[in-house]
């Protein structure tokens, strides 16, 4: 009798306990960033139009939530040292309210140095003050770019300099995703999480061409142990729809980033997308691979010349498998279950073709176009 009462009390207590809070960026952040397409030509009007487009195109409902303003929004500081936005952004709080009213979140940009990459006002010696300003405006995401910090800090100070801003953001009481942008210097993946980062750039800037995508994306292999819920490797933003690559290459771009559990930050003009571009960016089966709650980054399991097979473990014991052809001609890419630690028959679905491929046994192959991919979900 006593034992049963104790058991009942324990169960009651367990039910009353609050659910543990999800970490910030529990899955890789998804959204949009102004730099790849607009660079300095970004303003309040354009951001509002992009917010409208994120809703009307279905991007928001596909998971793209953060609307991030990159460099060139800054003016100087007032007499009290508070950061000011320039004439392109007359009222950041009003803009944040507009973005929030669309069911989106607002991101902003700064540097730990005196100046940003485009030579605008940085956060040097104003970290706590700027964090409070961002929180008061309603900012939800900060990209913090090393740039001129080189002039005032040695590289060895990076971990503590980034932690200084992370602590300042946390002290505001507002949940603000913290993005470390320092191009993978000093193996940031080994200390980024301890410095408060939710994501950190692992490479230099991406460009809208195959060579850049290939170099950046495929060199992420080996970094998978450093990624997980709340902290992600970031191979930079998406170029899908900016015109420098073919639709086949853009599908490879989104696929590889999803296999990498990378942040998915679109960088095109959402107001003027082709149906094909929109279809690539909003393929929910592919996005689900990126956003899988297990939070595992994929890795290469086989390579034969230009052909590569990558695998990503998913929640519930499933797998995502990417068959990549980096070569100049179409070719067969073969999957061996043993390379993934599987055996027997498994049900396969092609996520770009939206077709079930039946049960596959031991090994099988697909014809993959040049610079293309076949992405499979395996049950």
- May I have the extent of the alpha carbons of the chain along their three principal axes, as whole Å values ordered from largest to smallest? 74, 71, 44
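Can you give the extra length, in nm with one decimal, that the chain gains between residue 334 and residue 46 once fully stretched, where that is 0.36 nm per residue apart less the Cα-Cα distance? Intermediate values should be presented prior to the final figure.
Numbers: separation 288, 0.36 × 288 = 103.68 nm, distance 4.58 nm.
So the chain would gain 99.1 nm between residue 334 and residue 46.
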- Task: Quote the Stokes-Einstein diffusion coefficient, in whole µm² s⁻¹, for the stretch 90-134, based on the Kirkwood radius over alpha carbon pairs, a temperature of 10 °C and a viscosity of 1.306 mPa s.
- Result: 135
- In cubic angstrom per residue, the convex hull of the stretch 243-335 built on its Cα atoms measures 107
- Query: What FRET efficiency would be calculated for the residue pair residue 78, residue 288, taking the C-beta separation as r and a Förster radius of 51 Å, to the nearest 0.05?
  - Reply: 0.65
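Could you line up 72, 255, 248 from fewest to most neighbouring Cβ atoms inside 10 Å? Spell out each step's value before the answer.
Values: 72 22, 255 27, 248 16.
Fewest-to-most ranking of 72, 255, 248: 248, 72, 255.
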- Label point 7 Å out from residue 362 along Cα-to-Cβ: which residues of the stretch 309-350 have amide N under 19 Å? 333-348
- Query: Stretched out fully, how many nm does the piece from residue 22 to residue 93 gain, at 0.36 nm a residue minus the Cα gap?
  - Reply: 22.9 nm
- Query: Based on the inverse mean of 1/r over its pairs of different Cα atoms, what is the Kirkwood hydrodynamic radius of the stretch 184-246, in Å?
  - Reply: 12.5
- Item | Inter-part distance where the stretch 39-108 and the stretch 211-261 are each reduced to a Cα centre, Å | 25
- Note on the structure: Only helices counted: for the chain, with every DSSP H run of 4 or more residues adding -39500 (n - 2.57) and the sum spread over all residues, [θ] at 222 nm is -8500 deg cm²/dmol
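Looking at the square roots a ≥ b ≥ c of the eigenvalues of the Cα gyration tensor of the stretch 299-378, which shape do they give, rounded for a/c under 1.5, prolate if a/b is larger than b/c, or oblate? The partial results should precede the final answer.
Values: a/c = 1.71, a/b = 1.44, b/c = 1.19.
Cα axes put the stretch 299-378 in the prolate bin.
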- Share of antiparallel DSSP beta bridges in the stretch 30-290, in percent to the nearest 5? 15
- Message: Rounded, prolate or oblate for the stretch 182-340? Axes are the square roots of the Cα gyration tensor eigenvalues, ordered a ≥ b ≥ c, and the cut-off for rounded is a/c under 1.5.
- Response: rounded
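What is the fewest-to-most order of 253, 126 by other Cβ atoms lying within 10 Å of their Cβ?
Numbers: 253 24, 126 19.
Exposure proxy ranking, most exposed first: 126, 253.
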- On a 0 to 90 degree scale, rounded to 10, what angle separates helix 92-101 from the longest Cα axis of the chain? 30
- Task: With a Förster radius of 35 Å, plug the Cβ-Cβ distance of residue 55 and residue 347 into 1/(1 + (r/R0)^6) and report the FRET value to the nearest 0.05.
- Result: 0.45
- Item | Inter-label distance, nm, simple model (7 Å from Cα along the C-beta direction), residue 186/residue 274 | 4.4
- Taking Cα atoms, the helix 44-56 axis meets the longest principal axis of the chain at an angle in degrees (rounded to 10) of 30
- Taking the chain as the reference, fit the longest principal axis to its C-alpha atoms, fit the long axis of helix 247-259 to the helix C-alpha atoms, and give the angle between the two in degrees, 0 to 90, nearest 10. 80
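Evaluate E = 1/(1 + (r/R0)^6) for residue 163 and residue 115, where r is the Cβ-Cβ distance and R0 equals 22 Å; express this FRET efficiency to the nearest 0.05.
Details: r = 21 Å, r/R0 = 0.97.
Efficiency, from the Cβ-Cβ distance: 0.55.
Bear in mind these aren't lab numbers, they're just calculated from the coordinates by the rules spelled out. All values reported here derive from a predicted model rather than from experimental measurement. Positions of Cβ are generated from backbone atoms using ideal geometry, with glycine treated the same way; all protein chains shown enter the neighbour counts.
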